[in-house]
1. Between a residue in the stretch 63-74 that is at positive phi and any residue that is at pLDDT 90 or above and not in a strand (DSSP E or B), which pairs come within a Cβ distance under 6 Å, given they are 6 or more apart or on different chains?
2. In the stretch 25-45, is there at least one residue being over 33 Å from the mean Cα position of the chain (by Cα) and at negative phi?
3. Among the residues of the stretch 305-321, is any surrounded by 17 or more Cβ atoms within 10 Å (Cβ to Cβ), over 26 Å from residue 7 (Cα atoms) and touching a residue at least 40 places away in the same chain (Cβ under 8 Å)?
4. Only one of these is surrounded by 17 or more Cβ atoms within 10 Å (Cβ to Cβ), assigned by TED's automatic domain parsing to the domain that holds residue 364 and either assigned to a helix (DSSP H, G or I) or in contact with a helix residue (DSSP H, G or I) (Cβ under 6 Å, 6 or more places away or on another chain) (or both): 265, 278. Name it.
5. Do we have any residue at all in the stretch 325-332 that's surrounded by 17 or more Cβ atoms within 10 Å (Cβ to Cβ), modelled with pLDDT of 80 or more, part of a helix (DSSP H, G or I) and in contact with a strand residue (DSSP E or B) (Cβ under 9 Å, 6 or more places away or on another chain)?
6. For residue 174, only one of the following conditions fails: (1) touching a strand residue (DSSP E or B) at 6+ places or on another chain (Cβ under 8 Å); (2) surrounded by fewer than 16 Cβ atoms within 10 Å (Cβ to Cβ); (3) farther than 30 Å from residue 141 by Cα. What is its number?
7. List the helices (runs of 4 or more DSSP H) inside the stretch 1-97, counting only whole elements, that have at least 2 residues being out of contact with any helix residue (DSSP H, G or I) (no Cβ under 8 Å at 6 or more places or on another chain) and at pLDDT below 85.
8. Counting only residues that are over 19 Å from residue 120 (Cβ atoms) and not assigned by TED's automatic domain parsing to the domain that holds residue 122, give me the helices (runs of 4 or more DSSP H) lying completely in the stretch 168-258 with at least 2 of them.
């Protein structure tokens with residue numbers, strides 16, 4: 001099909017009698033380019049937010065947990081079984097419950113998580129999140145989130161009381177650490193205690209809620225989950241960090257999909273301009289089509305010429321848009337010139353993560369839409385009768 005491509009290139013690059021056709025072709029290229037660039041930038045930013053949020057989820061929580069409905073005894077047998085599972089790097093028992101925290105006249109509900117500070121550092125990023133103090137409890141220490149500290153006007157060394165259903169009188173603790181995970185829900189509602197103190201607070205001696213587990217790959221934990229289910233039996237529940245945050249993860253995925261579909265409309269509108277330009281080219285080149293048919297060109301040959309011309313316009317726009325979009329993503333990631341209100345988003349710059357599969361999907365979608373837009377004009381051109389095309393020329 002070499003000569004068809006040659007004719008298509010000539011039609012695309014030659015001067016038209018009607019300059020308006022050239023302008024529409026240029027607008028089509030620019031429209032596709034802008035649409036593709038917008039898609040790449042928006043999807044890259046949303047992937048950045050998605051990745052940043054998942055990192056915070058994984059950092060505050062373990063990769064997965066093993067729990068029992070009414071708690072479990074922290075036996076060496078359970079711990080050894082977990083640690084002997086392939087791809088498990090570390091594990092730590094924890095006890096979790098709800099309590100009221102009181103400071104002066106301020107009272108609010110919190111989730112209390114009792115931990116072994118040494119082992120907990122191996123399964124979560126609690127040490128990296130500490131902004132004041134340390135992962136240290138001493139006799140009566142407590143670690144609280146930065147949002148909770150701000151609300152209750154607490155600082156290191158201040159004393160608070162924890163009241164639980166099992167200990168209505170309350171027990172006093174001293175703030176030995178303040179952490180910032182970047183997730184408002186955790187920074188506002190989560191506090192850490194030594195696991196022995198938490199057992200006393202909830203009147204649950206020799207009991208824990210479950211085992212926190214760190215895997216070698218946070219995004220490939222399904223195999224570990226299935227293996228632990230087989231080993232531990234039905235009385236234990238195994239949940240991954242994705243199971244614990246499935247509603248939020250599903251919402252992020254849906255939002256990204258919807259944004260992709262909405263912004264694809266920009267490319268579709270631009271491709272309608274391709275169809276318009278081709279229709280006008282067909283009208284202008286009626287004599288040429290008649291001559292080509294008269295010397296033996298088939299309907300498929302004529303259709304191929306105009307389909308190639310439209311595909312060339314779409315490909316040029318896609319190429320320019322891809323280059324522009326990737327350049328903008330690089331600038332956003334390198335120079336970080338767009339600022340965000342940190343008190344709302346907990347990040348001060350736009351996070352950008354450019355993924356090859358996203359770019360590939362956008363490029364393929366743009367090319368397919370461009371090709372679809374050429375079908376009708378190319379089909380109409382192929383159906384022209386050569387005698388009618390040449391009668392009045």
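The values are calculated or read from the model by the stated rules, or taken from the named source; none is laboratory data. If you're wondering where the values come from, they're calculated on a predicted model, not measured in any experiment. Methodologically, a virtual Cβ is constructed for each residue, glycine included, from the backbone with ideal geometry; neighbour enumeration extends over all protein chains shown.
1. 71/207
2. yes
3. no
4. Values: 265 fails: surrounded by 17 or more Cβ atoms within 10 Å (Cβ to Cβ).
Just a single option satisfies the conditions, and that option is 278.
5. Yes.
6. So residue 174 meets the others, but not (3).
7. Output list reads 2-13, 19-60.
8. Numbers: elements: 184-189, 195-201, 222-232, 241-244.
Once the helices (runs of 4 or more DSSP H) in the stretch 168-258 are filtered for at least 2 residues that are over 19 Å from residue 120 (Cβ atoms) and not assigned by TED's automatic domain parsing to the domain that holds residue 122, what remains is 222-232, 241-244.
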